[in-house]
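The values are calculated or read from the model by the stated rules, or taken from the named source; none is laboratory data. Since the structure is predicted, the reported quantities are computational estimates derived from the model, not experimental observations. Using ideal geometry, Cβ is built from the backbone for each residue, glycine included, and neighbour counts are taken over all protein chains shown. Surface areas here come from the heavy atoms of the whole protein model, side chains and all, with no ligands, DNA or RNA. Shrake-Rupley method; radii C 1.70, N 1.55, O 1.52, S 1.80 Å.
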Amino acid sequence: MDVVENYTGHVDPGGAAARRTLEKLTINKLSVGPMDNNAYLLVCNASRDALLIDAANDPERIEDLIGHDSNRPRLRTIVTTHQHPDHWQALGAVAGANGANTVAHALDADPLPVPPDVLVKHGDTISVGECTLEVIHLRGHTPGSIALLYRDPAGHPHLWTGDSLFPGGVGKTTSPENFASLVNDVESRLFDVLPDDTWFYPGHGDDSTLGEQKPHIAEWRSRGW
């Protein structure tokens, strides 16, 4: 698979993956499936253990991203950010091929095609080799939607938001109550406590930073969804 090393946060459907190399963690982003879902392969640089965020579709392309030679990373964990089917079409195939543990929030576990090996809640942590991800529960897009936070010791934080936060607004909700819940959680659990230079990686489309989106929260609230 072609991999672009000059990371911008943009990947094309069916196109090359993009790679971002931090001091301790390497981030690989790939667009898969007909809904332009983002799958993220995180690799600990020291141990070569890996974690996949959303085995959304195209298991063959995800396997190509992991690699096929003896130097490929070891996929230990697959985290599903939420229960919507476009985020787990390849979960069974990729988990089975790699013997990876599957992880999800308990409130979104039942619809998944593979019962999660590990159920997480707000405040839990997940290891990627020697690196640690923090679980942030964001209620509203689905009952058990989660985000994952990596606090890079050598730089700014990195945040994977699933479909709870995008450039331009929060994710789709089905009621005013769910919308209010999601906006409140995104504001109190992300924008109010993380620095503006936090780079976030959504479930579809391009990346952004919290600082770039923060001035628009009031607009999102008034607009609704």
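On the stretch given as the range 6-20, residues that are assigned to a strand (DSSP E or B) and out of contact with any Phe, Trp or Tyr (no Cβ under 8 Å at 6 or more places or on another chain) total 1. When each of S181, S164, S188 is tested for being in contact with a Lys or Arg (Cβ under 6 Å, 6 or more places away or on another chain) and farther than 19 Å from T26 by Cα, the lone residue that passes is S181.
For the range 37-72, the set of residues classified as among the charged types (D, E, K, R) and at pLDDT 95 or above consists of R48, D49, D54, D58, E60, R61, E63, D64, R72, listed by residue number.
Selection of the range 1-56 for residues being open to solvent by less than 10 Å² (accessible area, probe 1.4 Å) and polar (S, T, N, Q) yields N28, S31, N37, N38.
Check whether at least one residue in the range 119-130 is on the phi > 0 side of the Ramachandran plot and either open to solvent by less than 20 Å² (accessible area, probe 1.4 Å) or assigned to a strand (DSSP E or B) (or both), and report yes or no. No, that holds for no residue. When you look at Q83, is it under 20 Å from A17 (Cβ atoms), among the polar types (S, T, N, Q), under 16 Å from the mean Cα position of the chain (by Cα) and open to solvent by 30 Å² or more (accessible area, probe 1.4 Å), yes or no? So Q83 fails the test. Any residue that is more than 25 Å from G171 (Cα to Cα) and at pLDDT 95 or above - is there at least one of those in the range 26-36? Yes: the range 26-36 contains one or more residues that are more than 25 Å from G171 (Cα to Cα) and at pLDDT 95 or above.
Can you confirm whether A93 is surrounded by fewer than 19 Cβ atoms within 10 Å (Cβ to Cβ) and either of a type in the set (A, V, I, L, M, F, W, C) or in contact with a Ser or Thr (Cβ under 6 Å, 6 or more places away or on another chain) (or both)? Yes.
Of the residues A18, A97, A90, A106, the single one that is touching a Gly at 6+ places or on another chain (Cβ under 7 Å), modelled with pLDDT of 95 or more and among the small types (G, A, S) is A106.
Per the conditions (1) open to solvent by less than 10 Å² (accessible area, probe 1.4 Å); (2) β-branched (V, I, T); (3) part of a helix (DSSP H, G or I), the sole criterion not satisfied by T161 is (3). Every condition in (1) in contact (Cβ under 8 Å) with a residue 40 or more places away in the chain; (2) within 26 Å of N57 (Cα to Cα); (3) outside any loop (DSSP other than H, G, I, E, B) is met by K172 except one, and the failing one is (3). Using the structure shown, decide if N37 is of a type outside the set (D, E, K, R) and either more than 18 Å from the chain's Cα centre (by Cα) or at positive phi (or both). When the stated conditions are applied, N37 does not pass them. Taking the listed residues R76, R72, R61, the one that is farther than 21 Å from T142 by Cβ and assigned to a strand (DSSP E or B) is R76, with no other qualifying. The lone criterion from (1) more than 14 Å from the chain's Cα centre (by Cα); (2) open to solvent by 10 Å² or more (accessible area, probe 1.4 Å); (3) not small (G, A, S) left unmet by D207 is number (1). When you scan the range 97-118, do you find a residue that is over 19 Å from L22 (Cβ atoms), open to solvent by 40 Å² or more (accessible area, probe 1.4 Å), in contact (Cβ under 8 Å) with a residue 60 or more places away in the chain and over 13 Å from the mean Cα position of the chain (by Cα), even just one? No, there is no match, as no residue in the range 97-118 is over 19 Å from L22 (Cβ atoms), open to solvent by 40 Å² or more (accessible area, probe 1.4 Å), in contact (Cβ under 8 Å) with a residue 60 or more places away in the chain and over 13 Å from the mean Cα position of the chain (by Cα). Of the residues in the range 64-74, not one is touching a helix residue (DSSP H, G or I) at 6+ places or on another chain (Cβ under 6 Å), closer than 25 Å to S127 by Cβ and buried (at least 18 other Cβ atoms within 10 Å of the Cβ).
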